[in-house]
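Any read-out appearing in this document is the output of simple, stated calculations on the displayed coordinates, not a laboratory observation. Every value quoted in this text rests on a predicted model; they were computed, and no experiment measured them. We place every Cβ from the backbone using ideal geometry, glycine too, and count neighbours over all the protein chains shown.
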Amino acid sequence: MTTTPMYASKGLAKLKNLETLPHLALDGGVQGWTVDELGCLHELKGEICIHGLEHVQDEEQAGKAALNRNDKVMKLTLTWAQNREETGQGNSDEVVLDGLQPHPGITSLELKNFYGRTFPSWLMNMAVVTSELIGGNPRALTNLTMLKLLNCRNCQTLPTLGHLPFLRTLFLSKFDVETIGSEFYASSRHYYDPGNGLVKAFPSLTKLVISGFPRLTTWIVPSQKVTIVFPCLERLRVKDCPELKSVPALHCESLTHLKLHELRCLESLDIVKVCTGLTTLRMRGNSFLTSLPAELANCRNLQRLEIANFDKIVSLPSLNSLGSLQLLAISCRALISLPDNFFHGLSSLEELGLSDSEKLVSIPKSLEERTSLKKLWIIGMDSCKAIPTDLSMFRRLSLLGFSSYSVKSLRSMLEAVEQLPLLRVLAIEGFKDEQQLQEYFSDMTPFLRLHPLKELGLVGSLHIRSLPEQLGLLTRITSLHLLWFYDLEEISEWVCNLSSLESLELRLCPSLKCLPSKEALRRLTKLRRLLINDCPLLAESYVKDKGPEWHKIEHLNYIEVDGEEIY
C-alpha cells in the first residue's frame, strides 16, 4: 500500500464493505470526501491515516467518523498541514482531535502538526470513552505500544504517559514545554507494583526520543525511592533542546544507546556517570561543558563513542579501560591535547575519526599500537603536523582520510598509501593550490594505474580551476566525490575514462557550470547516481525537463539536487 496520501471524491461512505484504506488526504473541496464518511465503514481494519485535518469543520463532524467504535483499527495517524495560518487554528485543532478519539484497543497512535495549546482530555490521560461506555468511566489505551507526537509546537504541557503498561516506543517532537515534571509519569493509582511497594512509570518503554523543545530548561524525575522510572529503557535520544541544563541521572541498567545532540546549555553529564551499560554514546553540540566525566571509564561495554562541537573541551581523559571500543570520533575545535597513552588500552579500535580540532598539535604516538584499525580519518587539523606517514602497521586499513597540510611530506604519504593492500576508500583535503594538486597526482600515476581503489574523495580550496587528468586513470573506482572546489568551472572529458564509475557527487562548487558532453557521459555505462549539492550554476543548468543541459543526464537512474531527489 502506498504511503503517499491520496485524494478521494465524495461517496466514500458507500463502500460499506471496504476493509483497508490507503493514506487519505482531505482537501476541503465540495466534491472531496469528508471525515464523517468513515463512520459508515464498519469493516475497516489495520491502519487509518488521514492528512489535511485542518479541513474538518468541527468536533461534531470529527465525531461522526466514529473511530472509537472500530475495534479492528490498530494503527491511527492524524496529520494537519505543517505550513498554515495559526489565527484561531489552534482551538480548531483541539476540538477536532477531541472528536477523533480512537478505540481503546489501538496499538499505535501518531499525531503530526497539531497546533493546539493543549491536548483534549482523552489524550492528556490516555483514556477514551467508547460508544458502549457513554456515561461510564473512560478506558485507558492499555494496548498502546507506539506513540508519536510530532510538531506540537504550541503545546505547553505533556500528557501523562507513564502508566501505559505496554508502551515501548515514544517520540516527542517540537513542543513549547518548559518543564518535564511529575505529570509526565504516573501516580500510584495508575501503575503500582505490590511486590516491592513501588510505582512503575513507563514499565515497558525501550526507546524514548525528545527533540526540538526550544524552551525546555528542566527535566525532573520522581524520587526513585518510591518510583521506578524507565526500567526497560534501551535507547534515549535528546536533541535540539538549547536551554536544557541537565538530563536526569536515570539509573537505567538496560540503557545501551545514548544520543545527546545540540544541548547547548547542558551543564553536566550525570546520566553518563550512572549508566555504565552503554554501548553507544554520541554527544554533539555544547557550549558549557569543559570536560567529560571521569566515570566514562566505567562504561566498559562501550563500542561507539562520538564527541563533536563541544566548544570548551580542551583535553580528554584517558580511555584505557574501554577495551571494547570499536569506533571513536572526535571533533572539538578547542581541543589542544590528548594524553600520550590515549590509545594504549583501546585494543578493539577499528575506526578512528579526528576532525576539525584546529588547535590539536599532535597525535599521540600510542596510535601506532592500534594495528587493528580499518578506518582512519584525520581531517581539518590545521595545527597538527604529526599525522603518521608510516602506515605500515595499519595493513588492515580500508578507508583513509587525511589533510595534505597535516603531513610532513605528501610524497612519503603517497608511498605509505601504496603499501595498503586493502585500501578501498581514499579522501584527501587541504591542497593549497592547483600546482600542488597537479604535482601530487602526477606522483601518484603508478598508484592510480594499479591500486584497486574503489572510492575517492577530494576536498579542494580556492584557486583550483581544473582537475588533474591523471584522475582518468582510476578505471576501477566506483564512486567519486568532489567537494569545495570554489573556482572549478568545468569537469573535463577525462571523466569518461572512469569506466567503473557508478556514483558521482559534486558539492560546494559554486563556479561549476557544466559537466562533460552527453557523448562522454554516455560512455560511463555503469554511472547510475549523480548528486549535486550547493552548486547553484550547475543546478540551474540541469533543472529537470527544462534546463539547457538536462538532456545530458536524463538517462541516469538517480539524480539528487540540493538534497532532493528529482529523478
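Near Tyr7, the amide H atoms lying under 5 Å from its own belong to Ala25; only residues 5 or more places off or on other chains count, and H is placed 1.01 Å from N. Taking 1.306 mPa s as the viscosity and 10 °C as the temperature, the Stokes-Einstein diffusion coefficient of the stretch 290-378 based on its alpha-carbon Kirkwood radius rounds to 122 µm²/s.
By the compact-protein rule of thumb, 2.2 N^0.38 Å, the alpha-carbon radius of gyration of the stretch 376-524 corresponds to a ratio of 1.01.
In the calculated pair distance distribution of the stretch 1-155, what percentage of Cα-Cα distances lie above 26 Å? Percent of Cα pairs beyond 26 Å in the stretch 1-155: 19.
When Rg and Dmax are taken over the Cα atoms of the chain, they come to 28.6, 85 Å. If each of Lys14 and Ser321 carries a label point 7 Å out from its Cα toward its Cβ, how far apart are those two points in nm? Here the answer is 7.3 nm between the modelled labels. Residue-wise HN-Hα couplings along the stretch 439-445, as the Karplus relation 6.51 cos²θ - 1.76 cosθ + 1.60 with θ = phi - 60° gives them from phi, are 5, 4, 7, 5, 5, 8, 3 Hz; Gly and Pro carry x. Other residues within the sphere of radius under 12 Å centred on the Cβ of Glu490, judged by their own Cβ, net out at -2 (K and R +1, D and E -1).
Applied to the stretch 518-534, the Karplus parametrisation 6.51 cos²θ - 1.76 cosθ + 1.60 on θ = phi - 60° returns per-residue 3J(HN,Hα) values of 4, 5, 5, 5, 5, 6, 7, 5, 9, 5, 10, 10, 10, 10, 10, 9, 6 Hz, with x for Gly and Pro.
Amide H contacts for Asn286 (H built 1.01 Å from N in the peptide plane; partners 5 or more residues away or on another chain; cut-off under 5 Å): Phe310, Asp311. 3J(HN,Hα) couplings calculated from phi for the stretch 172-186 with the Karplus curve 6.51 cos²θ - 1.76 cosθ + 1.60 (θ = phi - 60°) are, in sequence order, 10, 9, 6, 10, 9, 7, 9, 9, 9, x, 4, 5, 6, 8, 6 Hz; Gly and Pro show x.
Taking the DSSP bridge list for the stretch 1-155 and keeping only pairs wholly inside it, about 15 percent are antiparallel. Here Val73, Val361, Val209, Val35 are placed in order of increasing Cβ neighbour count within 10 Å, fewest first, which gives Val361, Val209, Val73, Val35.
Approximating the spin labels as points 7 Å out from Cα along Cα→Cβ, the Lys526-to-Arg449 distance works out to 2.0 nm. As a proxy for reagent exposure, ranking Phe402, Phe441 by other Cβ atoms within 10 Å from fewest up yields Phe441, Phe402. Most tightly packed first, judged by the mean number of other beta-carbon atoms within 10 Å of their residues, the peptides 314-327, 92-105 read 92-105, 314-327. As a proxy for reagent exposure, Thr142, Thr256 were ordered by neighbouring Cβ count within 10 angstrom, fewest first; the result is Thr142, Thr256. Every helix of 4 or more DSSP H residues in the chain counts as -39500 (n - 2.57), and over all residues that averages to -2500 deg cm²/dmol at 222 nm.
First check a/c for the stretch 19-87, with a ≥ b ≥ c the square roots of the eigenvalues of its C-alpha gyration tensor; if it is under 1.5, answer rounded, and if not, answer prolate when a/b is larger than b/c or oblate otherwise. Taking the square roots of the gyration eigenvalues as a ≥ b ≥ c, the stretch 19-87 is prolate.
Here's how it looks for Thr218: its modeled amide H is under 5 Å from those of Ile180, which are all 5 or more places away or on a different chain.
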